[in-house]
Structures are given as structure tokens and as C-alpha cells.
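Accompanying notes for the structure given below.
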Amino acid sequence: MVYQGFDRFVVLSQVDESAWTIHIALKGPGGRWWRGTRSSQDILGIIGNSATPQALDTLAEKLSERFVNGELAIDDWSPEKGANIKLTLGPTSKNPVRVPLVELSPTEGAAYAAALLSEIALQAQPRRCRLNPPTFSATTSRLPPPRVPSPPKTLERKDVLNVSPSPAEALQKIQVLEAELAEAKAQKAKSKSPPLNSGTKSTVVTQAPKGASLANPHKKARKYQALEFASDEE
């Protein structure tokens, strides 16, 4: 874009093997087009007939920088119809480059605008027909389908321990764990004690009184039965 007074101009540059072509459009309700061309011989005339490829590359780089940086000016500007104007690259530099421009007819300007728009459309196709590339990735431009929340699962003890409970919940859980621990200890002690009324005979050991006879420690009366002998006569 070139701003000159209240007027705004759009400058387009195109380079091919045979020439360097400049198009300028005046933006506004009375839009107009101009065109200027510099042949390869004109470029060699700027540098010199003995120009080397390195010199041509240097000139192309300088002109590109002036174009990108907006170092442009419209000379001999006149709002009159059919006025010939000039585009100057680097107007404040030591060696400015000037390109004479000739105004196009409305038909020629419309034809060029249509060709330019078709070229822009072709270049926009790889960007999903957008004039400018998206500021975000094309993969993230599509929102994923909404996810249906799954029902909450029953928390196990290991899950409960990983949750940060409130003080009251923590105290209640501690009491439950203490009760379970006491019950486990009671079950363990019960399993170690001997069973009652198991049906087995227990051996009772009694101690005789001191000084008592070992043969009859409790001094019970003894009964003697006379021995009878069978008769030899039978």
C-alpha cells in the first residue's frame, strides 16, 4: 500500500524471465489501473552491460527490500483521466529506480482484476479456501464431540484413602478402622484358646498330703476278702 495525500494505491510486482511488470490500482469508488514494464535490457541498463550475476542478485535484493519496507512513491500523480505516472522505489536513496506507468482502460483493468482474483483463489485452496492462513492448526479447528460422563464408580478402601476427606470424615474412618482392628484381634485370640467340651479326657494330677502314705494317701478303709481255695477232692 502507498499512501499519498488522501489517495491510497495498491502496488503489485511480478517478475518472469522476460520482464518485470508493475501494476498500480487506485482504491476508491473511481478505481483505476496503471501498468509499467521493465525489460531485461532495461535492467541491464541500470547496472551496466557488463553486469555479473552477483550484481543482478544484489539489485534484485535491494529492490525487494524497498518494496517490502514500503519505500515507494507515486510521482507525476494527476487525477486526470489517461495521466501517465511513475512508481519510484527508494525515493530517498542515492540510486532510486523509477518505472513509468500507463493507465489501462476500464476493460483492461477489469480483466486484470479478474485474473488476479482467480490466482488468489487458487493459492487459497491449500488453506481451505481462506485468503489468510488460520492462526490455529486445522486439526484443532474442529471441536471434538461432547463426551457422555460415565457413572461414578463405587470407591474402594484404597480409593478412599487417596481422597482428602474433611476432619469429621477422617475421624469417622479412623473409628471404623479401629473397630475392624479390634474385631480382628478378638477373632485371632479366640482361635488360639482350647475348645470347651471337646469330648477328650483330660488328665488330672493330684498331690498327696504331706506325710501321707504313698500306698494309701487318703487313708480310706480297705476291705479284705478271704481267699478260697478249691478242694482237691473235686
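The values are calculated or read from the model by the stated rules, or taken from the named source; none is laboratory data. Please read these numbers as outputs of a predicted model, since none were measured by experiment. With ideal geometry, Cβ positions are generated from the backbone for all residues, glycine too; neighbour counts draw on all protein chains shown. Side chains are part of the model used for accessible areas, which takes the heavy atoms of the whole protein and leaves out ligands, DNA and RNA. Shrake-Rupley method; radii C 1.70, N 1.55, O 1.52, S 1.80 Å.
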**OP:** Over the range 9-104, give the accessible area per residue in Å² for a 1.4 Å probe, as an integer.
**Re:** 60 Å²
**OP:** Would you work out the charge dipole size for the range 9-104 about its Cα centre, treating the Cβ of every Lys and Arg as +1 and the Cβ of every Asp and Glu as -1, and quote it to the nearest 20 debye?
**Re:** 260 debye
Original post:
Per-residue HN-Hα couplings for the range 103-113, Karplus 6.51 cos²θ - 1.76 cosθ + 1.60 at θ = phi - 60°, whole Hz, x for Gly and Pro?
Top reply: 6, 8, 6, x, 5, 5, x, 5, 5, 5, 4
Subject >> Protein accessible area in the range 9-104, 1.4 Å probe - carbon and sulfur % >> reply: 49 percent
**OP:** Could you calculate the contour length gain from residue 118 to residue 44, that is, 0.36 nm times the residue separation minus the distance between their Cα atoms, to one decimal place in nm?
**Re:** 23.4 nm
**OP:** Could you calculate the FRET efficiency of residue 105 with residue 1 from 1/(1 + (r/R0)^6), where r is the beta carbon distance between them and R0 is 25 Å, rounded to 0.05?
**Re:** 0.55
